[in-house]
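Please find one structure pasted underneath; my questions will follow.
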Amino acid sequence: MKAAVLEEFGQPLVIQEVEIAAPGPNEVLLQTAAVGLCHSDLHYIEGMRKFPLPGVLGHEVSGVVAAVGAGVKDLQPGDHVVGALSVFCGTCKQCLGQRFALCMDTDVKQPPGQAKRLFRGAEPVSQVFNLSGFAEQMLVHRNALVKIRKDMPLDRAALLGCAVVTGTGAVFRNAQVAPGSSVAVVGCGGVGLAAINGAKIAGAARIIAIDNVPSKLELARKFGATDTLLASEGDVVAKVVELTQGGVEYSFECIGIAATVEQCFKMLQPGGTATIVGLFGPGVKASIEGSDFFLEKKIRGSALGSARIRDDIPRLVELYLQGRLNLDDLVSRRIRLEDINEGFAAMARSEVARSVVVFDGVGA
Ligand SMILES: [Zn+2]
Ligand SMILES: [Zn+2]
């Protein structure tokens, strides 16, 4: 099968033939239908985080079940599925506490290079994020998959597995945004737009979108932003405090840099909560004003929006089919696997919300 392989950090992906193993116990072989290009893929391509090369990235996926291994009873060939990063074991301490996104079981969540699922002749190829969606086929653990309705379009379904479950999960599961409340979202990429949309669904009255790209702020309005602020123009914190007469109840950091973490904490009203959703490089430190803790300001982390994928993804499908979750405007471009490097270049130029690689005819 064809895959886009990372041979060297900082270099373009190379489209080439890769072999994939047959499904073993608890594994499912998928025909990839669609895969979104996520900013964290770009971080890995650039070498911000490393794994044994060569390897195949891609973790925002949908597909059609082609074959199942022993012990897979909940899926059968022809089923439509979304794949997720938060593959869970179901039996560890974190899973029993319903913190599925924090499952560390290395049987289901194998470090890159450990899973022997992809090969080039005798040489193993790293499966990154336990999915490797930049390929015509995927071999994954059954607990990384969520079966979805067949009337859900697979190109938009792919986005549910990373950006959308993360952004909406931060709102619904982490912050638990209340109706009528005030929200600020810093960073309007795929995750930020999903957080804005989540805040709208949750009934927030004021949703302030903040970014340094004007076209992303325009897009944010389509997802439910009531106000937009261009980060490059003036003091963002002062503007949020002025707009809300004292600060927001909930802020969401969706970039992964220290300066915006600090802004998100500062723009809270007393008692407010900053939820940090962005993915950081190693060693990044933020500093916050200690006296703000006496104002009961809170700061919290979020792993993939604390997703409980088997609950959350089918719910998001329903919200999309009812017209309440906007996925149509999240897909800026549909591209072919061969165009993947240009897709990442467009992302680096901040031109797009999401490019999605679509494999023709799968699930049609
Ligand atoms: Zn992602
Ligand atoms: Zn677990």
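The values are calculated or read from the model by the stated rules, or taken from the named source; none is laboratory data. Remember, predicted model here, so these are calculated numbers, not experimental data. A quick note on method: Cβ atoms are made from the backbone with ideal geometry, for glycine too, and the neighbour counts reach across all protein chains shown.
The conditions are (1) surrounded by 15 or more Cβ atoms within 10 Å (Cβ to Cβ); (2) within 21 Å of the chain's Cα centre (by Cα); (3) of a type outside the set (Gly, Ala, Ser), and Glu318 fails exactly one of them. Which is it?
For Glu318, the exception is condition (1).
Among Thr106, Thr168, which is the only one that is among the hydroxyl-bearing types (Ser, Thr, Tyr) and in contact (Cβ under 8 Å) with a residue 12 or more places away in the chain?
Working: Thr106 fails: in contact (Cβ under 8 Å) with a residue 12 or more places away in the chain.
Step by step, each of Thr106, Thr168 is checked, and only Thr168 is among the hydroxyl-bearing types (Ser, Thr, Tyr) and in contact (Cβ under 8 Å) with a residue 12 or more places away in the chain.
Within segment 100-116, how many residues are buried (at least 24 other Cβ atoms within 10 Å of the Cβ) and either among the charged types (D, E, K, R) or at pLDDT 95 or above (or both)?
0
Hey, another quick one. Of the residues that make up segment 4-13, is at least one part of a loop (DSSP other than H, G, I, E, B), within 16 Å of ligand 1 (Cβ to nearest atom), touching a Pro at 6+ places or on another chain (Cβ under 8 Å) and of a type in the set (D, E, K, R)?
No; the residues of segment 4-13 include none that is part of a loop (DSSP other than H, G, I, E, B), within 16 Å of ligand 1 (Cβ to nearest atom), touching a Pro at 6+ places or on another chain (Cβ under 8 Å) and of a type in the set (D, E, K, R).
Filter segment 181-217 down to the residues that are in contact (Cβ under 8 Å) with a residue 40 or more places away in the chain and within 18 Å of Leu160 (Cα to Cα) and list them by number.
Cys188, Gly189, Gly190, Val191, Gly192, Leu193, Ala194, Ala195, Asn197, Ala199, Ile201
Still on this structure: Could you count how many residues in segment 243-269 are more than 18 Å from Ala204 (Cα to Cα) and over 22 Å from the mean Cα position of the chain (by Cα)?
Residues flagged as more than 18 Å from Ala204 (Cα to Cα) and over 22 Å from the mean Cα position of the chain (by Cα) within segment 243-269 amount to 4.
Still on this structure, I have one more. Under 7 Å between Cβ atoms, at least 6 apart or on separate chains: pull out the pairs that start in segment 220-247 with a residue that is over 25 Å from Leu330 (Cα atoms) and end on any residue that is acidic (Asp, Glu).
Going by the 7 Å Cβ cut-off, the qualifying pairs are Leu243/Asp227.
Condition first: on the phi > 0 side of the Ramachandran plot, in contact (Cβ under 8 Å) with a residue 60 or more places away in the chain and either away from ligand 1 (no atom under 16 Å from the Cβ) or not β-branched (Val, Ile, Thr) (or both). Can you find one or more residues in segment 131-143 that meet it?
Among the residues of segment 131-143, at least one is on the phi > 0 side of the Ramachandran plot, in contact (Cβ under 8 Å) with a residue 60 or more places away in the chain and either away from ligand 1 (no atom under 16 Å from the Cβ) or not β-branched (Val, Ile, Thr) (or both), which makes the answer yes.
Using the structure shown, decide if Ser291 is surrounded by fewer than 21 Cβ atoms within 10 Å (Cβ to Cβ) and in a loop (DSSP other than H, G, I, E, B).
Values: surrounded by fewer than 21 Cβ atoms within 10 Å (Cβ to Cβ): yes; in a loop (DSSP other than H, G, I, E, B): no.
Criteria not met by Ser291.
Please work out which residue is nearest to ligand 2 (Cβ to nearest atom), limiting yourself to segment 9-53 and to residues that are acidic (Asp, Glu) and under 24 Å from the mean Cα position of the chain (by Cα). I'd like the intermediate steps shown before the answer.
Start the filter on segment 9-53 by keeping residues that are acidic (Asp, Glu), which leaves 17, 19, 27, 41, 46.
Retained after the next criterion (residues that are under 24 Å from the mean Cα position of the chain (by Cα)): 27, 41, 46.
On the way: Glu27: 17, Asp41: 25, Glu46: 30 Å.
Filtering segment 9-53 for residues that are acidic (Asp, Glu) and under 24 Å from the mean Cα position of the chain (by Cα), the one nearest to ligand 2 (Cβ to nearest atom) comes out as Glu27.
Every residue, every condition in (1) part of a loop (DSSP other than H, G, I, E, B); (2) more than 30 Å from Val241 (Cβ to Cβ), yes or no:
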residue: Thr275; (1), (2): no, no
residue: Leu279; (1), (2): yes, no
residue: Val284; (1), (2): yes, no
residue: Arg310; (1), (2): no, yes
residue: Arg324; (1), (2): yes, yes
residue: Asp360; (1), (2): yes, yes
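What's the number of the condition Gly47 fails, among (1) on the phi > 0 side of the Ramachandran plot; (2) out of contact with any Gly (no Cβ under 6 Å at 6 or more places or on another chain)?
Unmet for Gly47, out of (1) on the phi > 0 side of the Ramachandran plot; (2) out of contact with any Gly (no Cβ under 6 Å at 6 or more places or on another chain): (2).
Among (1) in a helix (DSSP H, G or I); (2) not assigned by TED's automatic domain parsing to the domain that holds Asp41, where does Ala346 come up short?
Among (1) in a helix (DSSP H, G or I); (2) not assigned by TED's automatic domain parsing to the domain that holds Asp41, the lone unmet condition for Ala346 is (2).
Go over the candidates Pro77, Pro111 one by one and state the one that is within 27 Å of Val14 (Cβ to Cβ) and more than 16 Å from ligand 1 (Cβ to nearest atom).
Numbers: Pro77 fails: within 27 Å of Val14 (Cβ to Cβ).
Step by step, each of Pro77, Pro111 is checked, and only Pro111 is within 27 Å of Val14 (Cβ to Cβ) and more than 16 Å from ligand 1 (Cβ to nearest atom).
At least 1 residues that are closer than 17 Å to Glu17 by Cα in each: list the strands (runs of 3 or more DSSP E) lying fully within segment 51-142 that qualify. Give the steps one after another, and end with the answer.
Working: elements: 60-68, 80-83, 118-120, 123-127, 137-141.
Here the list reads 118-120, 123-127, 137-141.
How many residues does segment 81-93 contain that are near ligand 2 (Cβ under 7 Å from one of its atoms) and surrounded by fewer than 16 Cβ atoms within 10 Å (Cβ to Cβ)? Spell out how you get there, then give the answer.
To start, the set of residues in segment 81-93 that are near ligand 2 (Cβ under 7 Å from one of its atoms) comprises 88-92.
Next, only the ones that are surrounded by fewer than 16 Cβ atoms within 10 Å (Cβ to Cβ) stay: 90-91.
Number of matching residues: 2.
Within segment 187-215, take every residue that is closer than 20 Å to Gln263 by Cα and surrounded by fewer than 22 Cβ atoms within 10 Å (Cβ to Cβ) and give me the one that is nearest to ligand 1 (Cβ to nearest atom).
By that ranking, first place goes to Val213.
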